[in-house]
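Inspection log for the structure reproduced underneath, given as structure tokens.
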Amino acid sequence: MNIRSHAIFPLLLAMMVSFAASTSGFAGDTVLSDPKPDMDNPRKIMLTLTTNDPAEVNSILYNVINIQKFYGMDNVQLAVIAYGKGVRALMKESSPVPDRISSLRQYDVEFIACENTLTAIDKTAKHLLEGVSVVTAGIPEIVERRLRGWNYIHP
């Protein structure tokens, strides 16, 4: 008799998969690397913002929130670096989510706009939402932060 045709086969298969998952770490939580993140050694994560599409901007901001929830506010530094079309998401006149950005600023999330982009669209720092900082160039800011140990995420 073929065991696969027997009624107990699905139960045995489920038990084997469950055992394998529990012993291999497959079903477990993310294992934090050493040194573990804490107030003195937070994870440093930057995300890029290159769109003003409301759905995509919201998705990036949800990523920020999920990262902060995972590590805990005191154990992570987060920066959102906008260049190109993403700068418009940080502007008073065109941000699709100004209240969300303001709220995340209160939780120490940095929002950074590229001055080269501002110049190209004939805008200045005064056109940005409150608390948004400006760097000369967005991409070199990413490069330099990576060299200082920041992790780069391009959602």
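Here, each number is a calculation from the coordinates, and none is a lab measurement. Remember, predicted model here, so these are calculated numbers, not experimental data. FYI the Cβ positions are ideal-geometry reconstructions off the backbone, even for glycines, and counts take in every protein chain you see.
Overview of values
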quantity: Proximal lysines to K69, defined as alpha-carbon separation beneath 16 angstrom and excluding residues fewer than eight positions away on the same chain; calculated: K36, K44
quantity: 5 angstrom amide H check on K44, placed H, neighbours 5+ away; calculated: Q77, N151
quantity: Three-way shape label, the stretch 31-155, alpha-carbon gyration tensor, a/c 1.5; calculated: prolate
quantity: Placed amide H near A113: partners under 5 Å, 5+ positions off or other chain; calculated: A82, S133, V134, V135
quantity: 25 Å Cα-Cα reach of K123 towards lysines, excluding residues that sit fewer than 8 places from it in its own chain; calculated: K85, K92
quantity: Extension gain, E130 back to N63 (0.36 nm per residue minus Cα-Cα distance, nm); calculated: 22.0 nm
quantity: Mean Cβ neighbour count within 10 Å, used as a protection proxy, ranking 61-67, 149-155, 41-47, 87-93 highest first; calculated: 87-93, 41-47, 61-67, 149-155
quantity: Positive-end residue, the stretch 18-155 charge dipole about Cα centroid, Cβ charges, pick of T124, N41, T30; calculated: T124
quantity: Label zone at E93 (point 7 Å along Cα-to-Cβ), backbone N below 16 Å, the stretch 116-151; calculated: 117-130
quantity: Amide proton proximity set for M91, modelled H, under 5 Å, gap of 5+; calculated: L129
quantity: Sequence-separation-based contact order of the stretch 32-153, relative, with Cα cut under 8 Å and 6+ spacing, percent; calculated: 29
